[in-house]
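> What follows is a single structure, and I will ask about it in a moment.
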Amino acid sequence: MPSDTPSPNPSASAPATTAPATATATAPTGYRALLRNREFAGLHAGLTLSVAASTLSGFALGTLVDRQTGSPFLTAVSMYGATFATVLGALTLMSVADGKRPRRTLLALQGLSLAGVAAQAVPGLPLAARFGLLVLLGFFQSLGTGTRMGLLAEAVPASAYALARSLMNITAGAVSVLGFALGAVLLDRLGPYRVFAVAAALAGLALVVVAVTVREHSVRPTRRPGLRQTWTTNAELFAHPGRRALLLNLWVPNGLVVGCEALFIPYAPQHAGTLLAAGSAGMLLGDLAVGRLLTAERRRRYAFALRLLLAAPFLLFAFHPPLPLAAAAVFAASAGFAATLPLQEQLLALTPDAVRGQVQGVESAGRMTWQGIGAALAGAAAQYAGPATAITVLAAASAALTLASRRAVARAATPEEPADRQD
């Protein structure tokens, strides 16, 4: 987060301050204390509504594409295709996340998201146009995530950042559970187009909530955001070996597992909602346990085990397990997504204050982009080998990468912590 007097050209090795200048130095002691912070409550509610809108619209679009094409590849890409474009935002205009008016930027980006979801509700819209909307929304979604996370880092103390992210993740998981569970019912009773309309209404409400609760933050760099500044900061980000290792493990293993989830509809068309809801519930439980019950030291200690847990249960799909066992495996695996919390803490500690919004935006954009890559790889593999085999292969690749990169992540120690305490 920017300090009161940001360096005009911070280097990649510049130290991050231990607490943001715009927040108090004492961290909230629990979720209730965080929610008494008006700005955090607004960011939290806005994200919750946005996730609800995204869950419903993604499920509706995946179902619509599956009905029209019967293609596992197109169905997987339709559910996660927007993530492909997030890398374009990260490479071109992500520096706007650290601009002088982040609140105004976030509102504008949420307005664009509302327009895109509403456009999907138009009956008869060609599939090419729907996929075009996905790419457009994905581009701006990456900028919105960076801006939101930059505002979050200013709204709460640095020591409460992991707790705040944990609460956001828990709520997002709970909303996803409800979204996938209710989505199947709504699709059956209303049809995809009316579900798109419901999603648009939720996106509009998210815009209003942020507008009335989040204040503008003016403690920002004096540099003009744009393509050149984005590239300069990104080059500094990837020049640091510790940050490279952290980003790799935040992106690729997660993305491959999301590819597994993208095949739930072709794997079990009648029970996809159950599997998706199980995954969201597992993610909720994992974030609750890791973010609320574990100390920062224990989070780092268990990070490697959580990264392995993320992939290992999906190997059961090689044996075509019955639905209850498959749902239990998905639930257990999704708890491993909580490994992102300690990795994000390390990344934040290695990031100069003045570019925290951009770096967090790049992290999120890369993670979402790899979700799209994972979905595409899974869909392509399923075309030839079937969904169960594709799920097994991607899970094995995720676990193998986690094992191969363990030492690199362990060396990505913060200045305050020795390397042998990372995993």
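The values are calculated or read from the model by the stated rules, or taken from the named source; none is laboratory data. Computed from a predicted model, the values in this text were never measured in an experiment. Ideal geometry is used to build each Cβ from the backbone, glycine not excepted, and the neighbour counts take in all protein chains shown.
> Can you confirm whether PRO266 is out of contact with any Leu (no Cβ under 7 Å at 6 or more places or on another chain), crowded, with 22+ Cβ neighbours inside 10 Å and touching a residue at least 60 places away in the same chain (Cβ under 8 Å)?
Yes.
> Still on this model: So in the range 326-350, with the set limited to residues that are within 16 Å of ALA272 (Cβ to Cβ) and not small (Gly, Ala, Ser), which one is surrounded by the fewest Cβ atoms within 10 Å (Cβ to Cβ)?
Filtering first and then ranking leaves PHE331.
> Here is a follow-up. For the range 183-196, state whether one or more residues are small (Gly, Ala, Ser), in a helix (DSSP H, G or I) and out of contact with any Leu (no Cβ under 8 Å at 6 or more places or on another chain).
Within the range 183-196 (the criterion being small (Gly, Ala, Ser), in a helix (DSSP H, G or I) and out of contact with any Leu (no Cβ under 8 Å at 6 or more places or on another chain)), the answer is yes, since at least one residue qualifies.
> Scan the range 270-317 for residues that are among the β-branched types (Val, Ile, Thr) and crowded, with 17+ Cβ neighbours inside 10 Å and report the count.
2
> Against the definition (in contact (Cβ under 8 Å) with a residue 40 or more places away in the chain and touching a helix residue (DSSP H, G or I) at 6+ places or on another chain (Cβ under 7 Å)), how does ALA296 come out, yes or no?
Judged against the criteria, ALA296 is a match.
Quick grid of which residues meet (1) among the polar types (S, T, N, Q); (2) modelled with pLDDT of 75 or more:
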residue	(1), (2)
THR5	yes, no
THR17	yes, no
PRO28	no, no
SER50	yes, yes
ALA53	no, yes
THR75	yes, yes
SER78	yes, yes
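> Evaluate the following for LEU64: is it at pLDDT 85 or above and buried (at least 24 other Cβ atoms within 10 Å of the Cβ)?
Judged against the criteria, LEU64 is not a match.
> Within the range 218-267, restricting attention to residues that are part of a helix (DSSP H, G or I), modelled with pLDDT under 85 and of a type in the set (Gly, Ala, Ser), which residue is nearest to ARG411 (Cα to Cα)?
By that ranking, first place goes to GLY242.
> Residues that are assigned to a helix (DSSP H, G or I), in contact with a helix residue (DSSP H, G or I) (Cβ under 7 Å, 6 or more places away or on another chain), closer than 29 Å to ALA303 by Cβ and modelled with pLDDT of 80 or more: does the range 142-149 have at least one?
Step one: of the range 142-149, the residues assigned to a helix (DSSP H, G or I) are 142-149.
Keeping just the survivors that are in contact with a helix residue (DSSP H, G or I) (Cβ under 7 Å, 6 or more places away or on another chain) gives 142-149.
The next check asks that each one be closer than 29 Å to ALA303 by Cβ; those that pass are 142-149.
From the residues that got through so far, the ones that are modelled with pLDDT of 80 or more too are 148.
Yes: one or more hits.
> Please go through the range 399-408 and pick out each residue that is at pLDDT 90 or above, farther than 10 Å from VAL257 by Cα and touching a helix residue (DSSP H, G or I) at 6+ places or on another chain (Cβ under 8 Å). So that I can check it myself, show each step before the final result.
If we filter the range 399-408 for residues that are at pLDDT 90 or above, which is where we start, we get 399-403.
From the residues that got through so far, the ones that are farther than 10 Å from VAL257 by Cα too are 400-403.
Passing the criteria: LEU401, THR402, LEU403.
> Okay, next question. Would you mind stating whether ALA396 is assigned to a helix (DSSP H, G or I), at pLDDT 90 or above and more than 17 Å from the chain's Cα centre (by Cα)?
Answer is yes for this residue.
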